[in-house]
Amino acid sequence: ADRNYTQNINYYRVVQIDYDGKKSYSDLISIDNRVKSTITVEAMVNLSGEKVDENYSGIVIKVLSNGKTMKYLQ
């Protein structure tokens, strides 16, 4: 884990060194750390699609601002 990354585009490559000293490299990947995104909950609904709040008991679907959903038993 890179705990000292910068708020830029960071590039990484993994190197594997075998017992015989032979090296092989992974493809180069980039991670864009310039933008911090904040994901928020857009809505909380039950399985029927009705809006619910924190007091609802049952299966809840959280609709997130990034378009994904989370389902859990509340």
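The residues of the chain expose, per residue, 88 Å² of accessible area to a 1.4 Å probe. Put simply, the amide H of Q74, placed in the peptide plane, has neighbours under 5 Å in G58, I59, V60, leaving out anything fewer than 5 places away on its chain. Ranking V63, V14, V45 from most to least accessible surface, computed with a 1.4 Å probe over the protein chains only, gives V14, V63, V45. Here S24 sits with roughly 50 square angstrom of accessible surface, probe radius 1.4 Å.
In the assembled protein chains, Y12 presents an accessible area of approximately 70 Å² (probe radius 1.4 Å). Per-residue SASA remark: D18, around 60 Å² accessible (1.4 Å probe; ligands, DNA and RNA not included).
For the chain, with only Lys/Arg (+1) and Asp/Glu (-1) charged at the beta-carbon, what is the dipole magnitude about the Cα centre, in debye rounded to 20?
160 debye
Residues I31, I39, ordered by accessible area of protein heavy atoms at a 1.4 angstrom probe radius and largest first, appear as I39, I31.
For the chain, the relative contact order comes to 22 percent (Cα pairs under 8 Å, sequence separation of at least 6). Here's the list of lysines a cross-link from K36 could span, going by alpha-carbon distance under 27 Å and ignoring same-chain residues fewer than 8 apart: K62, K68, K71.
Considering only N33, N55, N46, the mean-square fluctuation computed in a Gaussian network model of the chain, springs between alpha carbons under 10 angstrom, is largest for N55.
The values are calculated or read from the model by the stated rules, or taken from the named source; none is laboratory data. Quick caveat, the model's predicted, so the values are computed rather than measured. As a convention, Cβ positions derive from the backbone with ideal geometry for all residues, glycine included, and neighbour counts pool all protein chains shown. These area figures cover heavy atoms from the full protein model, side chains too; ligands, DNA and RNA do not enter into them. Shrake-Rupley method; radii C 1.70, N 1.55, O 1.52, S 1.80 Å.
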